[in-house]
Structure formats: C-alpha cells, structure tokens
1. Can you tell me, using C-alpha contacts under 8 Å and at least 6 residues apart, the relative contact order of the chain as a whole percent?
2. What net charge is computed for the residues neighbouring residue 1, neighbours being all others with C-beta under 10 Å from the C-beta of residue 1, Lys and Arg scored +1, Asp and Glu -1?
3. Helix-derived [θ] at 222 nm for the chain: sum -39500 (n - 2.57) over DSSP H runs of at least 4, divide by residue count, nearest 500?
4. How large is the translational diffusion coefficient of the range 44-188 in µm² per second when you combine the Kirkwood radius over alpha carbon pairs with Stokes-Einstein at 4 °C and 1.567 mPa s?
5. What is the fewest-to-most order of 53, 16, 29, 113 by other Cβ atoms lying within 10 Å of their Cβ?
6. Would you grab the residues whose amide H sits under 5 Å from the one on residue 124? Only those 5+ places off in sequence or on another chain, please, with H modelled 1.01 Å from N.
7. List the pairs from 84/110; 59/176; 110/150 whose alpha-carbon separation is above 30 Å, in the order I gave them.
8. Counting Lys and Arg as +1 and Asp and Glu as -1, each charge on the Cβ, what is the dipole of the range 2-181 about the Cα centre in debye, to the nearest 20?
Amino acid sequence: MFIVIEGGDGSGKGAHSALLADWLREQGHEVLETSEPTGGEVGKMIRNILQNHVTVDAKALTLLFTADRWAHQKEIGQALSGGKIVICDRYFLSTYVYQSVQGVDLEWIKTAHEGIKVPDLQILLDLDPETAMGRLETSDLFENADFLKKVRERYLELNDGFVVEVEEEKEKTQEKIRKVVSDFQKRN
C-alpha cells in the first residue's frame, strides 16, 4: 500500500508520517518512510533553493520537483514490490498546489506527471495558515501567511483523498489518521 500525507507547511506531515509508520510496524508491517523533496541530488538542489530563498522561475522549480519525483519512483516501486507499505511525506499534489499557486499552469504540471505512480491512499492534513505559521521553526521560500492561505485553498480544491483536520493535540490528529488507514485496509 502506498500512502501519501499531504498538507501545507506546519501541518505536521513529517511527524504524523513517522507516527503512522511506527503504528503500522507495531501491527507487523514492513514500512518505508520517505519524503519529497528526496535526499537525492535533485532533492538537495530543491532544498537549497527553498531554504536559501533563491529565486528560481516557477516553471523551472516545477520541473525540478517533477524530476526528483520521477527519480523517486524506483525506490517507491521497489519497496511496494517487496511487500512494504510506503508512507510518503508530500507527493505530486504538493507540486500541483504550490506551483499552480505560483502561477504555473495546472494542466502543464499534470502533463509532466503522466505515468507517475498514484498513491493508494492520500490524506490531506488541513490546518489554518495562521496556526501553521506559529508552528514553523524555520522560514523557507513559501512560508508566509498569505501564500499559505492560497495553498490551503488550493489543497482543498484539488484534493481527491481524505481530509483530516489537524487538532491542537497531536494524538487526536494521529487517531483520525489511523482510523482512515484502518478503514482503508478493511475495504481493500
């Protein structure tokens, strides 16, 4: 099973991905935790751009995210073929959202993703941008309240998976996520 945890900056994707992975391991599953941008060379370039506020054309950044994702396909595919559950912190919906908010044509972005593995289960963590800003420890290129407000609206517009409202208490949010995953496992 391929699970993707999506959401705006500060929504807790990384923490909840790790908690979900631990819970699934406790049930006896082998789990690969992964994230995008990846730790590969293209992913490192993206992180450098975001963390150092380097100005890059939005289409060029879209292509970098997409190239990183295409390279990531091998790792995801191997894990799934080996019977592992894959949990990915961010995936193509993030590119659809962030780069379309930057003004890149959504259909152009989708075309670049034709053939990319679609997740079996996508969970969007929804959090008010003002609350999210208070949670952020660093500031990358996209981390400002106005931009995150547009991001949240676009996520809610484009998401075709489950939406989990982020609670103040991490445990409550994790319970909701586990319920979504458990219900999905029962149906499939």
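1. Details: 266 pairs, mean separation 62.6, N = 188.
Relative contact order comes out at 33 percent.
2. Details: positive: 84; negative: 120.
Net of charged neighbours comes to 0.
3. Working: 8 runs with 105 residues, N = 188.
That comes out to -17500 deg cm²/dmol.
4. Value of D from the Cα-based Kirkwood radius: 77 µm²/s.
5. On the way: 53 10, 16 24, 29 14, 113 18.
Listing 53, 16, 29, 113 from fewest to most nearby Cβ atoms yields 53, 29, 113, 16.
6. When sequence neighbours closer than 5 places are left aside, the close amide H contacts are 6, 162, 163, 164.
7. Values: 84/110 27 Å; 59/176 36 Å; 110/150 19 Å.
From the list (84/110; 59/176; 110/150), the Cα-Cα distance tops 30 Å for 59/176.
8. On the way: 21 positive and 32 negative charges, 88 e Å.
I would put it at about 420 debye.
None of the figures in this text is laboratory data; all of them are computed from the coordinates on show. What you are looking at is a predicted structure, and each value in this text was computed from that prediction instead of being measured. Positions of Cβ are generated from backbone atoms using ideal geometry, with glycine treated the same way; all protein chains shown enter the neighbour counts.
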